C-alpha cells in the first residue's frame, strides 16, 4: 500500500495547510507505470481517503483535465493537464534548452520540423518544437501528441529499451490505439531493424498519410531516462532514401551533440 502523509500529522498540520489540495495531489501521485488506470475504490484504498471524498476529488480533477475517465474500465488515468505542471520543469532541467539551437539549425537546413518529446501513456508529447521556413512544414506545437507505436519519435523511444522493458508500453498501445495490434507489430519489427542498422527509426505515412520522418532516442542516466527526437515533414519529399542518407544521419548528429553537452554538464 502506498505510504501517505496524513493531513493530521504534525509535519503537515498548520494554519496554511489546505487538506483538499493535499488530498487531490495525493490521488495524482497514485498513478504510475504500474498503475495507469485506477478506480475510486482503488484510490481510496491506496490513500486511505474516504471513498465519498475520493469521488468528489476525481470528479473535480476530471473536470479540470488532470484526470481522464475511461467509461469502459470505470477507471481514471492521468490527463493532459498534468503535463502542464511539468513543462517548465522539463524546460529548466537542461536537455531542451541545450538542444534547441541544434534543433533549429537542423529545421532551417532541411525545411522540416524538429521536435523533442517525452512519453505520456501510449503517446509522446512535444516539449520543444522547432520549425523550418518552407511551405511544406509540419506545423505541430509544444503539447502536441504523437502515437508511440506509429510515429518515428515513438518508435525510436521504444527501440532504446530492452525487449522486456517495452512490454508496459505495448499494453498501453493495445489499450489506446485504434489500429489493430496485428498491423502495428510489423511496423515495430521494421523500426527495430532500422534502428539496429542505421541508429534511427523511420516512418512513411504511418500515423498520417501526409507525414514521414526519422526518430532518434536520447538515453540518459544510465538508461533510466529516455527522451526522443524527430525530424519530419511532407511525405511527398521525404522518401526513404532521403531519410536514410540525409535526415537520419543529421538528426543522429544533433542528438549526439546534445548528449555530450548534457552528460558533460552533469
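For region 236-246, does any single residue satisfy the condition of being outside any helix (DSSP H, G or I), touching a helix residue (DSSP H, G or I) at 6+ places or on another chain (Cβ under 9 Å) and either crowded, with 24+ Cβ neighbours inside 10 Å or on the phi > 0 side of the Ramachandran plot (or both)?
Start the filter on region 236-246 by keeping residues that are outside any helix (DSSP H, G or I), which leaves 236-239.
Next, from what is left, pick out any that are touching a helix residue (DSSP H, G or I) at 6+ places or on another chain (Cβ under 9 Å): 238.
Retained after the next criterion (residues that are either crowded, with 24+ Cβ neighbours inside 10 Å or on the phi > 0 side of the Ramachandran plot (or both)): 238.
Checked region 236-246: at least one residue is outside any helix (DSSP H, G or I), touching a helix residue (DSSP H, G or I) at 6+ places or on another chain (Cβ under 9 Å) and either crowded, with 24+ Cβ neighbours inside 10 Å or on the phi > 0 side of the Ramachandran plot (or both).
Say whether the condition of being within 19 Å of residue 103 (Cβ to Cβ) and either in contact with a strand residue (DSSP E or B) (Cβ under 7 Å, 6 or more places away or on another chain) or outside the structural domain of residue 145 (by TED's automatic domain parsing) (or both) is met by at least one residue in region 185-195.
No - not one qualifying residue is present in region 185-195.
Name every residue in region 44-67 that is farther than 19 Å from residue 175 by Cβ and touching a strand residue (DSSP E or B) at 6+ places or on another chain (Cβ under 8 Å), in order of residue number.
Listed by number, the residues that qualify are 46, 58, 61, 66.
Please state which of the following conditions residue 216 fails to meet, knowing it meets all the rest: (1) surrounded by fewer than 16 Cβ atoms within 10 Å (Cβ to Cβ); (2) in contact (Cβ under 8 Å) with a residue 40 or more places away in the chain; (3) closer than 17 Å to residue 154 by Cβ.
Failed condition: (1).
The values are calculated or read from the model by the stated rules, or taken from the named source; none is laboratory data. Predicted model, so just to flag it, every value in this text is computed and none were measured. Cβ: placed from backbone, ideal geometry, glycine included. Neighbour counts: every protein chain shown.
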